[in-house]
Amino acid sequence: MNTVMLEKYAELVIKTGINIQQNQILVISSPLECAPFARLLAENAYKAGAREVVMNWKDELSSKIKFLQAPDEIFDEFPDWQKEFYLSYARKGAGFISIAASDPELLKEVNPERVVRVQKASNTALKEYRERMMSNKNAWSVVSIPTEAWAQKVFPDATPEEAMEKLWTAIFEAVRVDTPDPVAAWKAHSQQLKQSLDYLNTHKCKLLHFKNSLGTDLEVELPAGHLWLGGPEHTAEGIEFVANMPTEEVFTLPQKSGVNGVVVSSKPLNYNGTLIDGFSLTFKEGRIVDCKADQGYEVLKKLVETDEGSHYLGEVALVPYNSPISNSGILFYNTLFDENASCHLAIGKAYPICLENGADMSGEELAQAGVNDSMVHVDFMLGTDDLEIMGETITGERIQIFKNGNFAIA
């Protein structure tokens, strides 16, 4: 680990990721293993003018013990104090940083039904908090650093020390910390993403058709008034932030009832400590009517059955195959990175900000506009080097969006 690079990374997260404001509260959710980096973020936040930095420590090994040994009824409960923790800070305008660095196989011995029940209880209790985040009422940013278990999964043939070093290097490259001026590099990257956004928002496709040799053959309708987003986002007050670091995607939302065909995953999905691999989903009029998986089928099935909205899609995201994370050839087993190496879709809740005036609409208005709602939002990857995406505009013109895995647009 290079301490100079680590300092640059922490400064980048505070200045560009969360873009902390004077006298703003910052909440950092971090695994215990990542405590040194979380403290470095806190130091940089205070230097940048934060009023208070609140640490929200996570211990996944303790969580595993609970999943394996606690009485069954506890998994339907969510503590009131935790709900109040998130909501009270969110209502005060706090920014939220999450360090995503879990062991991809932590919960492989755990009954998946327990995991799903915990997710349901959490998402129900934190509904207001989640809606604030997905409507950008608060600035938020998800970042990552290596942990030993995760690094060993990514680089199984390396020693623990070598695996950690390799993963540090890969992360530094993915978030552009290896450049002379990471903040400037991110500004340039944002401009590149904007070119794709401008094209897609100008041409206004009403339908996208995905097809590749894995077996994906999927048509996705896009609602009237949809918006393509990517790179920096903005709060209601106009404060710029980057929700995911790294990010290589441009994304929008599908018409809830307008998805038909089959999509086949191109990478494993790490869902709450369980790997789901070799899976496919079949859609009819937007709804998932069948799912298959070589590994993790029960977890996938329970994910789809979380609630009514988890039977539908909430996001369509485009990422060129020829992009930095994809070109690294590394399978990260971490959605934050893997989704930025591949075109992907998300099961569950859609981002209201992807619809004109969507952030100000009621739940009923969003539903009438074809915007899906759910307690979950889970990205999975479908991009390949031979992915073709054809678009149909509102005027009936057919245009090629992707060819051989990359943008075909001028």
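The values are calculated or read from the model by the stated rules, or taken from the named source; none is laboratory data. What you see is a predicted model; the values in this text were computed from it and never measured. As a convention, Cβ positions derive from the backbone with ideal geometry for all residues, glycine included, and neighbour counts pool all protein chains shown.
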key: Residue tally, condition closer than 21 Å to residue 109 by Cα, assigned to a strand (DSSP E or B) and either of a type in the set (A, V, I, L, M) or without any contact (Cβ under 8 Å) to a residue 12 or more places away in the chain (or both), over region 277-299   = 1
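Report, by residue number, each residue of region 182-206 that is among the hydrophobic types (A, V, I, L, M, F, W, C) and crowded, with 17+ Cβ neighbours inside 10 Å. Outline the logic, then answer.
Keep residues of region 182-206 that are among the hydrophobic types (A, V, I, L, M, F, W, C), which gives 183-186, 188, 193, 197, 200, 205.
Listed by number, the residues that qualify are 185, 186, 193, 197, 200, 205.
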task = Give 167, 200, 214, 193 a once-over and let me know the one that is within 21 Å of residue 275 (Cα to Cα) and in a helix (DSSP H, G or I).
result = 167
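Could you say which residue among 251, 241 is out of contact with any Leu (no Cβ under 9 Å at 6 or more places or on another chain), crowded, with 17+ Cβ neighbours inside 10 Å and closer than 27 Å to residue 140 by Cβ? If you could, list the steps in order and put the result at the bottom.
Working: 251 fails: out of contact with any Leu (no Cβ under 9 Å at 6 or more places or on another chain).
Sole residue among the options that is out of contact with any Leu (no Cβ under 9 Å at 6 or more places or on another chain), crowded, with 17+ Cβ neighbours inside 10 Å and closer than 27 Å to residue 140 by Cβ: 241.
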remark   = Quick count over region 119-148, residues being free of Cβ contacts under 8 Å to residues at least 60 places away in the same chain and either within 20 Å of residue 57 (Cα to Cα) or not in a helix (DSSP H, G or I) (or both), is 7
ask   = Within region 1-56, how many residues turn out to be more than 19 Å from residue 168 (Cβ to Cβ), surrounded by 15 or more Cβ atoms within 10 Å (Cβ to Cβ) and of a type in the set (S, T, N, Q)?
value = 6
remark   = Per the list (1) assigned by TED's automatic domain parsing to the domain that holds residue 322; (2) in contact with a Pro (Cβ under 8 Å, 6 or more places away or on another chain); (3) not hydrophobic (A, V, I, L, M, F, W, C), residue check on residue 226 breaks on (2)
Odd one out for residue 178, checked against (1) assigned to a helix (DSSP H, G or I); (2) within 24 Å of residue 241 (Cβ to Cβ) = (1)
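Can you say whether residue 272 is on the phi > 0 side of the Ramachandran plot, touching a residue at least 40 places away in the same chain (Cβ under 8 Å) and not aromatic (Phe, Trp, Tyr), as far as the supplied structure shows?
Spelling it out, residue 272 is indeed on the phi > 0 side of the Ramachandran plot, touching a residue at least 40 places away in the same chain (Cβ under 8 Å) and not aromatic (Phe, Trp, Tyr).
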task = Go through the residues of region 207-215 one by one and say whether even a single one is modelled with pLDDT under 95, over 30 Å from residue 13 (Cα atoms) and either surrounded by fewer than 19 Cβ atoms within 10 Å (Cβ to Cβ) or not assigned by TED's automatic domain parsing to the domain that holds residue 327 (or both).
result = no
inquiry  = Given the condition part of a helix (DSSP H, G or I), in contact (Cβ under 8 Å) with a residue 60 or more places away in the chain and over 24 Å from the mean Cα position of the chain (by Cα), answer yes or no: does some residue in region 5-27 qualify?
reply    = yes
query = Going through region 401-410 one residue at a time, which ones are within 26 Å of the chain's Cα centre (by Cα) and either assigned to a strand (DSSP E or B) or over 26 Å from residue 312 (Cα atoms) (or both)?
reply = 401, 402, 403, 404, 406, 407, 408, 409
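Only one residue in 107, 87 is of a type in the set (A, V, I, L, M) and assigned to a helix (DSSP H, G or I). Which one? Don't jump to the end; show me each part of the working.
Working: 107 fails: assigned to a helix (DSSP H, G or I).
Going through 107, 87 in turn, just one is of a type in the set (A, V, I, L, M) and assigned to a helix (DSSP H, G or I): 87.
When residues of region 67-79 are filtered for being within 26 Å of the chain's Cα centre (by Cα) and either free of Cβ contacts under 8 Å to residues at least 24 places away in the same chain or surrounded by fewer than 11 Cβ atoms within 10 Å (Cβ to Cβ) (or both), how many remain?
Start the filter on region 67-79 by keeping residues that are within 26 Å of the chain's Cα centre (by Cα), which leaves 67, 75-79.
With either free of Cβ contacts under 8 Å to residues at least 24 places away in the same chain or surrounded by fewer than 11 Cβ atoms within 10 Å (Cβ to Cβ) (or both) added as a condition, the list becomes 79.
Result for region 67-79: 1.
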request  = Could you please let me know if residue 262 is without any contact (Cβ under 8 Å) to a residue 60 or more places away in the chain, within 29 Å of residue 96 (Cβ to Cβ) and assigned by TED's automatic domain parsing to the domain that holds residue 331?
outcome  = no
query = How many of the residues making up region 94-145 are over 16 Å from the mean Cα position of the chain (by Cα) and among the hydroxyl-bearing types (Ser, Thr, Tyr)?
reply = 3
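Among the candidates 94, 50, 42, which residue alone is among the small types (Gly, Ala, Ser), without any contact (Cβ under 8 Å) to a residue 24 or more places away in the chain and more than 30 Å from residue 296 (Cβ to Cβ)?
Values: 94 fails: without any contact (Cβ under 8 Å) to a residue 24 or more places away in the chain; 50 fails: without any contact (Cβ under 8 Å) to a residue 24 or more places away in the chain.
Answer to the check: 42.
What number of residues in region 31-75 are in a helix (DSSP H, G or I) and in contact with a helix residue (DSSP H, G or I) (Cβ under 6 Å, 6 or more places away or on another chain)? Outline the logic, then answer.
Filtering region 31-75 down to residues in a helix (DSSP H, G or I) leaves 32-47, 60-69, 72-75.
Filter once more, so that each one left must be in contact with a helix residue (DSSP H, G or I) (Cβ under 6 Å, 6 or more places away or on another chain): 40-41, 44-45, 67, 75.
Qualifying residue count for the region: 6.
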request  = Could you list, in sequence order, all residues of region 360-410 that are in contact (Cβ under 8 Å) with a residue 24 or more places away in the chain, at negative phi and polar (S, T, N, Q)?
outcome  = 372, 374, 384, 393, 406
